[in-house]
Structures are given as structure tokens and as C-alpha cells.
Amino acid sequence: MSALLEVEDLTVTFSTKNGPLDVVDGLSFTLEQGASLGIVGESGSGKSMTSLAVMGLLPPTASLRGRVALDGTDLTALPESKVRRLRGDRMAMIFQDPLSSLNPYYTVGMQIEEAYRAHRTGVTRRQARKVAIEAMERVHIADAARRVDHYPHQFSGGMRQRVMIAMALSTEPDLLIADEPTTALDVTVQAQILDLLQEVRRETGTALILISHDLAVVSEIAEDVVVMRHGVSVEQAPAERLFSDPRHPYTRALLDAVPRIDDEIGELRLVDRSIDAVGGKP
Amino acid sequence: MVRFLATRLAGMVGVLFLVVLFTYAIFFALSPDPAVQICGKNCTPELIDQIRTNLGLDRPFYEQFLGFLSGLFVGSTYGTGANAIDCAAPCLGYSFQTGQPVLEMFEQRFGVSATLAVGAAVLWLLMGVTGGLVAAIKRGTWFDRAATGAALGGVSIPNYVLALVLQYVLVVKLGWLPFPQAVPFGDDPGQWFLNFVMPWLVLAFTYASMYQRLTRANVVDTLDENFVRTARAKGLAPGLVWRRHALRPALTPVVTLFGMDFAGLLGGAIIIETVFGLNGVGKMAADSITKNDQPVIMGVTLVAAFLVIVGNVIVDIVYTTIDPRVRIGARA
Amino acid sequence: MSTTSTGAGTGTEPGTDAPVTGAPATPSRGGPPLLRATDLVKEFAVPGTGGLLGRADTFRAVDGVSLEVRAGETLALVGESGSGKSTTARLVARLMDATSGEVVLDGEPVTHVRGERLRRFRSDVQVVFQDPYSSLNPRHTVERIVTAPLVYQGREVPGGTRAFTQGLMERVGLDPDQFRRYPSQFSGGQAQRIGIARALAVSPRLVVCDEAVSALDVSVQAQIINLLRRLQREEGFSYLFIAHDLAVVRQIADRVAVMSTGRIVEQGERDSVFDDPQHEYTRTLLAAVPRIRPEWERARREAADARAEEETTA
């Protein structure tokens, strides 16, 4: 049985006025059905571009090389119309800022229904509405039957992200990509959303790719981790191995630099030397 | 919501009052003595004084102004006795040159201006908004460049030049349209309609250009919004993404602009009407300026200001209904 | 946010409103308080309410906050969005006027000062903001940015602007030859160093850091935290450090005040707040922070120590 997602030698190039720029360079990883993968990196690492490349949402100024296979089908070889049918249906994505990611002019119910109806034929308005309400209930939005007619600005940040998750899950995708889903949220809300993602995975068996700059968040959710830097995967390993025995100097330096909440001062002394050793920019 | 409306309406009344006061004061200070005008050729100082008293022109400013104000609500009477002239409410003044109350002159001509405004509005909305939308979607392509170029032309070319050129081409050279003739609707609807075709086109072209540019810019901005990215991520068909997610938010500023433009246009398109010989409010304004018919000029000024102010308020109210963030408060 | 003065909250509402103060032990650093704020209140009008008749509804972003910062120490103010921590920082730095309450700097009340006295205040209290690209004028060179505070206060720049700028740049870890560049030409961490240099130009006694490291990458964040600590050691000024990231606060603070819905719910020495939180909200907050598993951390640290041993013995 092939893996759910196989990324092979993925390279994403932007044409800039200073010449072509590879924001992702030769990245390869696999994701099995129902598994969870974390992609960590700092800004400019290419982690977000990777997710856009998988979904086929790269801007027109970018070009893509390599292979991205969903359940054995190479997405890069398909015409846009076929990829569009998979997008939002077999693979779904949620983004960082739920406020700007939802259209303020339409109710959340309408936006969830729209996601569902885009991929199912012969769905009546009433059926779609029922699906939307059920999706909202699944993500624990109270009073869903009434709130389905509310607008995004009437929800708090955490609730909006739940709406995004509900929207993504309405079509029961095989793969959910979450790009910094909790970065814009308060820490208590972040914990709730992460719990929700875990719960969803348990109940539906959806595979998850979690992209984050926050190593601690990734360590709580991901079974496997890819560490990216400047477009390149510097280390890949199951979470336990990566966090307890990092091999690459950059991974080690990154883990050293993470401030610990349970820790005393003194650890950060290691940072300066190790980062300089790999030529990190201050 | 009620509070909002009340505030806006109160503000509107306040602004209108100031406009009336300001306009009246300007005309009061600057206009030549109407008594002299009315008197005509064989004038004597006694006659002028008599007329002045008759019309109440010897009263102080504030009295005259209050008289004018009350005339707006209840009508007023010019002169006394057998020669008294009745001016029904709202009395915008009386034109001694044409021998008609200004309001009556308006009523006769408003239909033409309104027809011109409505027809042009329909055309320019269709052309401008769709043109802008398509140009935004296909930005950088030949269509976009052509549309932008045409829009630039429309904004730059003075509309009377365009009117004359169009007339020359369509009527003289190609003979597609007959020469414009003033014909009331009842007599010959076909000719009446044809009379408006060119003015509509000229007016629409000028406005469409602005709307095309505005729509294009707004849609381009909206296409970069995160919620459009979400719509694409959901796998929606491109047409749906553009129409439902990109266009709708982009239209809000267009709607507000339209309200203002349309209201202003109802007050008469001076140049277009004059060039095409349409007997609308705009032409009346142009004529009254050349003939120095003060009451009419002032009446036109007041009505135009009134329309713009009211249009402004309506636009504000409409805006609150189309943007849910304004219509419904913050979190429930 | 609430529109009542009792500060009833949502979601993360603490069980009780009573603030908890850690044991008033002897201060670990410094002596008398450098800055003391008492019962600060800041009310804002709710937009959309109010109009012709009747005033607008108000809500209290800061609802009776009292704190002190002692000389040479770092007080961290933590809370989630809407807690009022940023507003409090702005009130303390006199970037905003308080609706009521007092701010006293070194025994001198500064709550309502204006003009010359306010300028003197600004030479004692400076601010470093979150995003250097928007808080530093992108059209000014580093030299101009860094010497601006002295210029605005009508003070002479010691040693001339060039030498002064370069000296400051070296102290914050920037290349002194880049004094002619613009903020956009620096990376995030470097640009933040410019902001820090600017705050230091007047030799302040208190630096308010408003989420100063929140927008930085992890590795850069660590460097800036180290820099801030080193500068404090060398110069002896105090920090009022505003943050939402508790792990960062752990690294830099001496004392911690936890804010929620405009009030301080718990205050105390850093370790006692972190290791033994008294207030329910503090406990919720701490529990919510994601952590790498301690056993993994331990294994990693042991492996790193073993490697360091090898290197020294090799």
C-alpha cells in the first residue's frame, strides 16, 4: 500500500528581479494514512511554500519541480481542473489567521456549505445546512444551529479557527494541512485547538501535516518531524528521536535556543556559540 | 441603528441649512439689483424703488433670508395687489425673465435629466464593473492593457470633445443615428429614445472609465486577501471565487461612489445636455448663467446641493446594510 | 473585554477575582522602587455607541492596576490578548493618559506632567516596540534614529553623532560601519537591535519592552534576550517586560505580574509564580503552554553534555 502523500525532490522556484530563487530545494518526505507530520522551521525556511505546493496553490510567479503524489497520483502532472477537484475534498488546508481567512461578507454556515457543495452533486440547501451544523458541532461550537447564521466577526479568534477546521473537515478529507494554525491565538486557546486537532485525528483517521515555528507545539502533536532551513530539509526523524537525540547542528542549535518554561536561566548561554557555528544570521 | 439614522438625518438637516444660508448670502452679496433687471429699459429711480419695495428688497438681509426659508416650506408671494405673483411651496424663487417659478421650471425639465442619468448609470455600471472585474482577473494580458488604455482615455478626454466627435462619426459620417431633435416622449417614443443614445454613451464612457479603474484596483487588492486563498483552497471553481469572494467585497467602495455620482448627475449634466440640445436641468442651468437669471441659478445650486447631500446620507445607510460588520455589532 | 467595571470575563475567566500576591519577601535586587504605578485605570469609549444624545459606553482596558519596578530588576507583565498589558505599558511610559490612577518615578509624580517635565521623564523611561520595521522610521538612517532621542530632548550628543552612534551600535552587537543604512536593510533581529540602541541613547533608568522579542525567530529571539540581559547587567537599568510567551518570561524576569481582563491576578518572584502558582488563571495559563517532553529534554541535554565532555578531553 503506498503512502498517502509522497513528496519527492520538491523544488519551488520564484523568479525575482535578482534571478531565480529556490524557496524549497529538493525536499522529500512521505506521510502514511492517518499519520501526523510536523514541519518546523524559522521564517524563510520554505515550510509554508511546501504546503502550498502540495495543495497546488502556489502563485503564478512560482514554478515547481519534483513529484507530489497523493495516494499514488502525481498532482504535478495533473491539469489544474483535476487538482481542483481534489483540493478541498481529499486534501484540505487551514491557515494562520482565521479572521482574515474567512470572508466577512458571508455567514460561516454559507462558507462551510460552499466547501461541501463544491465537491458533492445533488445536494439541497437543507442538506448542506445540516452538514454545516453537524460540522460545527463536531468541533464543539456551542449552539451551532443558531450560530451557523452568524458572520465571522461575531466569533472569537479560537471559535473562528474551529470554524475553519469544521469547513476543512466537512468533506472528510484524507489529509489536513494546518499552516501555523495556532500562532495567532492566545496560549489557552491554542491548547484547545491543538486538543481539537488530536481529537479529530482520532475520530476520523485523517492524516495531518502541522506546520509551525514552535517546536514545543510540534512535539506535542507530530509523530514524525521534518526540520527545514532555507528551503532544505536538514533533518527528518520520528519525534522522539528528533527531540531526544538531534543529529544536525542546526536542529541542535534550534532546540537549544527554545526558551523553556520549566527551566532556569543559563541554558541560553549555549545559543550564541552553536548558532554561529552553523553561520546563522543574527 | 435608530440612533445612527437619527444622527445622520440631524446632520443632514444641519448641513442643508448651512448650504442654503451660504448660497443665499453669496447671491445676496454678489447679484446685481433684481429691481433694475425687472425694470427694463424705460427705468426711473422711482420705479426701481417701487419695485424694490414690492419685492421686499429693501428689507435687511436676515429678513429676506428668513422670508426665503419660509418660502421653502409654505410658499411666498411676490409683490402685492393685482400684480402679486404666487409661488407655491417649496418656493425656490421666481424667475422674472421667464415668468415662471423656478420650481415649475425644474418640474418641466427634471424628467429629461433623470432619463439621462438612469440610462447612463445602467450603461456605465455594466461596462465599468464588468470591465474592471475582467481586467483584474486577466491582469497583465492584452485585455487588461486595452481596457486600462480605454479607461485612461475616457478619464482624460473632455466629454464635450467626445460628444462632438461621436456626433460627427455616428450621425454625419455613418448615418447610424439621426440628428437629435427635441421630441416629447408621447409623440414619438422611438425618436425620443434615439435622442438619448449618444448622450448616454458619452456620459457612460466617462464614468465607466472611472468605475473600471476603481473596480479593477479593488478586485486586484481583494484577490490578495486571505479569504480568497481559503476559497481556492476549498477547491471552488475559479468563476465562483471571483464572483462570490473577490467581487463582493470590492464593490463596497464602488457602491458608495455610485451613490454620490448618481445624485450629482440628477442635478443635471450641464455640458452634455447643452451639446446635445437636451432640455434638462443642466441646460437650464447653463442658460440661466448666460442670461444671468439669478433666481434660477440659485435654485439649481440649492437643488444640486440637496441631491448630493441626500445621496451621501443614503449611501451611508446603504453601506451599513451591505457590510455585515457594520450592520451587526461585534461578537454576539 | 467587558463593559462593566467588575471585569467579568469570558473563556479564560479566573475562578475568583481576588488578586493573589506572592509572599512579600525581601526584594532580590535593588532597593526602593524606581517606578510605582497605583490604581491605574484606562477607559475607552466603545465605538458605535453614543451619538446625539447620551454618551458612549465605555470599557476598562486597565481596571485598577498597581505595580512597582525596582531599580535594576526586570518585572514581566504577562497576559493574553485583551488582558490590558500593552495598555498598562503605555500608561506607565506616558504614551497615553490614564483615566485615573498615579504613576510615580523615583518619588516624583509623573502622571500628568507635560512639556519640559515630560521630556525629562522621557530621558528616564524609554520604550522598545514589537515590530522594528514599523516602529522605526524607515526613511531615517541608523545614525539619525539612534541620536534622535537626544536631539528631541535638546541634549548634546556626547562625542559627536558619528562616534556616539558607532559606540552604541557596537554595544548592541551591530556592525558600526552600517550607521548609514536604513532599517529595511537589516534582518529582523538586527533591526530590533537598532530599536534597543535607540532606547539606550538617553541612558534611561527604565526600559519598557512591549513584546520586544515576539516577532522574532526562535534563534534570533534567544540572542536578543541574551543581549537585553547583558545590557541590564552592565548598565543597571530596569525593564518592564511585556509578553504573552511565558517561556520567554521565564528566561528574563525577576518578578512576574499576571494580568487578565485589566487586572493583575497574581504577582510575585518569578520562580514562585512559575513553580507554585496561586491563582487559578495563572495555573490555567501555565498548563496551556506547550512543552517538549521532559524525558526527551533530559536525554538531549545529557547527550549534549557528553559531547561537550568529549571535546574538552579530546
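The values are calculated or read from the model by the stated rules, or taken from the named source; none is laboratory data. Just so it is clear, the model here is predicted, and its values are computed rather than measured. No Cβ is skipped: glycine too gets one built from the backbone with ideal geometry, and neighbour counts run over all protein chains shown.
Worth a mention:
- Out of B:Leu47, B:Leu92, one residue alone is surrounded by fewer than 18 Cβ atoms within 10 Å (Cβ to Cβ) and modelled with pLDDT under 85. It is B:Leu47.
Yes or no, residue by residue, for (1) at pLDDT 95 or above; (2) in a loop (DSSP other than H, G, I, E, B):
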| residue | (1), (2) |
| --- | --- |
| A:Glu203 | no, no |
| A:Ala237 | yes, no |
| A:Arg241 | yes, no |
| A:Tyr250 | no, no |
| A:Leu255 | no, no |
| A:Ile261 | no, yes |
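- C:Arg229 under 18 Å from the mean Cα position of the chain (by Cα), among the basic types (Lys, Arg) and either at pLDDT 90 or above or under 29 Å from C:Val202 (Cβ atoms) (or both): yes
- Answer from C:Leu200, C:Leu231 - the residue that is more than 10 Å from chain A (Cβ to nearest Cβ) and more than 27 Å from A:Ala253 (Cβ to Cβ): C:Leu200
- Unique residue being at pLDDT below 95, more than 13 Å from the chain's Cα centre (by Cα) and part of a loop (DSSP other than H, G, I, E, B) when the list is A:Ala184, A:Ala191: A:Ala184
- Taking the criterion of being touching a helix residue (DSSP H, G or I) at 6+ places or on another chain (Cβ under 7 Å) and not hydrophobic (A, V, I, L, M, F, W, C), the residues of segment C:73-89 that qualify are C:Thr74, C:Gly79, C:Glu80.
- Evaluated against (1) buried (at least 21 other Cβ atoms within 10 Å of the Cβ); (2) under 25 Å from A:Gly231 (Cα atoms), A:Pro59 falls short on exactly one condition, (1).
- Condition met for C:Arg144 (in a helix (DSSP H, G or I) and touching a residue at least 60 places away in the same chain (Cβ under 8 Å)): no
- Exactly one residue out of A:Gly19, A:Gly34 is crowded, with 16+ Cβ neighbours inside 10 Å and at positive phi: that is A:Gly34.
- Residue satisfying all of: in segment B:95-121; in contact with a Leu (Cβ under 6 Å, 6 or more places away or on another chain) and farther than 28 Å from B:Leu69 by Cβ; surrounded by the fewest Cβ atoms within 10 Å (Cβ to Cβ) among these: B:Ala117
- Residues of segment C:146-167 that turn out to be surrounded by 19 or more Cβ atoms within 10 Å (Cβ to Cβ) and out of contact with any Ser or Thr (no Cβ under 9 Å at 6 or more places or on another chain), as a count: 1
- Spans of helices (runs of 4 or more DSSP H) in segment B:272-332 with at least 3 residues crowded, with 16+ Cβ neighbours inside 10 Å and at pLDDT 85 or above: B:281-291, B:294-322
- Yes/no for A:Ile133 being in contact (Cβ under 8 Å) with a residue 40 or more places away in the chain and either surrounded by 18 or more Cβ atoms within 10 Å (Cβ to Cβ) or facing another protein chain (nearest Cβ under 9 Å) (or both): no
- Within segment A:198-225, being buried (at least 21 other Cβ atoms within 10 Å of the Cβ) and either more than 22 Å from A:Leu242 (Cα to Cα) or small (Gly, Ala, Ser) (or both) holds for A:Thr206, A:Ala207, A:Ser212, A:Ser219, A:Ala222.
- Some residue of segment C:210-217 being surrounded by 18 or more Cβ atoms within 10 Å (Cβ to Cβ), within 13 Å of chain A (Cβ to nearest Cβ), touching a Ser or Thr at 6+ places or on another chain (Cβ under 8 Å) and modelled with pLDDT under 95: yes
- Filter result for the condition that a residue is away from chain A (no Cβ under 14 Å), surrounded by fewer than 18 Cβ atoms within 10 Å (Cβ to Cβ) and aliphatic (A, V, I, L, M), over B:Leu257, B:Leu240, B:Leu266: B:Leu257
- Exactly one residue out of C:Gln221, C:Gln192 is over 19 Å from C:Gly167 (Cα atoms), in a helix (DSSP H, G or I), within 16 Å of the chain's Cα centre (by Cα) and within 11 Å of another protein chain (Cβ to nearest Cβ): that is C:Gln221.
- All of C:Gly236, C:Gly262 fail the test of being modelled with pLDDT under 95 and buried (at least 24 other Cβ atoms within 10 Å of the Cβ), apart from C:Gly262.
- Only one entry of C:Gly54, C:Gly72 meets the criterion of being over 16 Å from C:Val258 (Cα atoms), out of contact with any Cys (no Cβ under 9 Å at 6 or more places or on another chain), part of a loop (DSSP other than H, G, I, E, B) and at pLDDT 85 or above, and that entry is C:Gly72.
- B:Lys234 vs. criteria modelled with pLDDT of 85 or more and away from chain A (no Cβ under 14 Å): no
Matching residues to (1) in a helix (DSSP H, G or I); (2) more than 9 Å from chain B (Cβ to nearest Cβ); (3) over 27 Å from A:Leu57 (Cα atoms); (4) under 21 Å from the mean Cα position of the chain (by Cα):
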site: A:Lys82; (1), (2), (3), (4): yes, yes, no, no
site: A:Gly109; (1), (2), (3), (4): yes, yes, no, no
site: A:Ala115; (1), (2), (3), (4): yes, no, no, yes
site: A:Arg120; (1), (2), (3), (4): no, yes, no, no
site: A:Glu137; (1), (2), (3), (4): yes, yes, yes, no
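- Unmet requirement for C:Leu227, which otherwise passes all of (1) of a type outside the set (S, T, N, Q); (2) touching a Lys or Arg at 6+ places or on another chain (Cβ under 9 Å); (3) assigned to a strand (DSSP E or B); (4) under 28 Å from C:Pro158 (Cα atoms): (3)
- Scanning segment C:115-142 for residues that are of a type outside the set (A, V, I, L, M) and in contact with a helix residue (DSSP H, G or I) (Cβ under 7 Å, 6 or more places away or on another chain), we see that the one that is nearest to C:Ile194 (Cα to Cα) is C:Pro132.
- Any hit, segment C:169-179, residues being buried (at least 24 other Cβ atoms within 10 Å of the Cβ) and under 21 Å from C:Pro290 (Cα atoms): no
- Scan of segment B:124-168 for residues that are outside any helix (DSSP H, G or I) and not basic (Lys, Arg), ordered by number: B:Gly140, B:Thr141, B:Ile157, B:Pro158
- Pair list, Cβ < 9 Å and 6+ apart or interchain, from segment B:6-33 residues that are within 14 Å of chain C (Cβ to nearest Cβ) to residues that are part of a helix (DSSP H, G or I) and surrounded by fewer than 14 Cβ atoms within 10 Å (Cβ to Cβ): none
- Some residue of segment A:142-158 being part of a loop (DSSP other than H, G, I, E, B), within 14 Å of chain C (Cβ to nearest Cβ), in contact with a Lys or Arg (Cβ under 8 Å, 6 or more places away or on another chain) and within 26 Å of B:Ala250 (Cβ to Cβ): yes
- Qualifying residue in segment C:241-259 (condition: free of Cβ contacts under 8 Å to residues at least 24 places away in the same chain and either touching a strand residue (DSSP E or B) at 6+ places or on another chain (Cβ under 8 Å) or of a type outside the set (Phe, Trp, Tyr) (or both)): no
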